[in-house]
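Structure first, commentary second.
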Amino acid sequence: MKTEKYLSLSLFVIFLSAGIYFLQDAISNSGRFAEGSALAGALLSALALAAVAWSIRLHLHRKALHRHLRSR
């Protein structure tokens, strides 16, 4: 179960880093592909938020399972 925890957190870091890179690229270069870079950055940032939500959900499920097994 720990690998799932680390997987979701590493996905968060990867998606957020890529999203920030694309957003910074869209801001600094207002060329032909600025809108595409901004959309890609926003999409990757949203995926980073989903990865954080997944990590929190796994943590809460793990705590609930631990409480359930303790009460038996």
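Any read-out appearing in this document is the output of simple, stated calculations on the displayed coordinates, not a laboratory observation. The structure displayed is predicted, hence computed values, not measured ones. Here the Cβ is made from the backbone with ideal geometry for all residues, glycine too, and neighbour counts use every protein chain on show.
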At q = 0.12, 0.16, 0.24 Å⁻¹, what is the log10 ratio I(q)/I(0) for the chain, with the Debye formula run over Cα points and no solvent? -0.44, -0.61, -0.92
Does anyone have the angle between helix 34-71 and the longest principal axis of the chain? Alpha-carbon axes, 0 to 90°, nearest 10? 0 degrees
Helix 2-28 sits at what angle to the longest principal axis of the chain, using alpha carbons and giving 0 to 90 degrees rounded to 10? 20 degrees
Highest to lowest packing among 25-32, 52-59, 12-19, scored as the average C-beta count within 10 Å: 12-19, 52-59, 25-32
